[in-house]
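Since the structure comes first, as structure tokens, the remarks are kept for the end.
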Amino acid sequence: KAAASAPMNAAKTHPSIPISPRRGRAQLIRILETLARVQTAELYSFLQLVQNEMGRIPWGTTLIVISAKLDDALFDCLFQARRSGLKPVLIPCGPVPEMEAKRNKAKYFGIPLYQVYSERDLDRWRHG
């Protein structure tokens, strides 16, 4: 139990911390506990991490990307993920410059985009 609460440092172990897909509350708790222990290390950019892990992610997995930075490199990476059989979903947070152009690009690439400005925007997901 003590080891489970120790901080995780990706630089000392592995650049990513895989969590097998499962359903239910126990899985949510497992994910939250893992996220609470993660310490960042600048080994790879986010895009490099996704590209490195793409081959290990099972076909059909939903890849949820939450970011305030929506640049061409991100769209290229998500399009490649889509071509590899993953299902990317893009969730920009806060104000994003040229949002309508980004929304059109996501639509062009077939990537669902759900913008979140505040916690109230999450209510439509919480309440169905």
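At-a-glance table
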quantity	calculated
Residue match in segment 67-80 (condition: of a type in the set (Gly, Ala, Ser), touching a helix residue (DSSP H, G or I) at 6+ places or on another chain (Cβ under 6 Å) and open to solvent by 20 Å² or more (accessible area, probe 1.4 Å))	yes
Subset tally (residues that are in a loop (DSSP other than H, G, I, E, B) and under 14 Å from the mean Cα position of the chain (by Cα)) for segment 31-89	7
Pairs where the first residue, in segment 70-90, is at positive phi and the second is β-branched (Val, Ile, Thr) and open to solvent by 10 Å² or more (accessible area, probe 1.4 Å), C-beta under 9 Å, 6+ apart	Gly85/Ile57; Gly85/Thr61
Of all residues in segment 19-30 being on the phi < 0 side of the Ramachandran plot and assigned to a loop (DSSP other than H, G, I, E, B), the one that is most open to solvent (accessible area, probe 1.4 Å)	Arg23
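The values are calculated or read from the model by the stated rules, or taken from the named source; none is laboratory data. Since we're looking at a predicted model, the values are computed, not measured. Cβ coordinates were reconstructed from backbone atoms using ideal geometry, including for glycine residues, and neighbour counts include every protein chain displayed. The accessibility values were calculated without ligands, DNA or RNA, using every heavy atom of the protein model including side chains. Shrake-Rupley method; radii C 1.70, N 1.55, O 1.52, S 1.80 Å.
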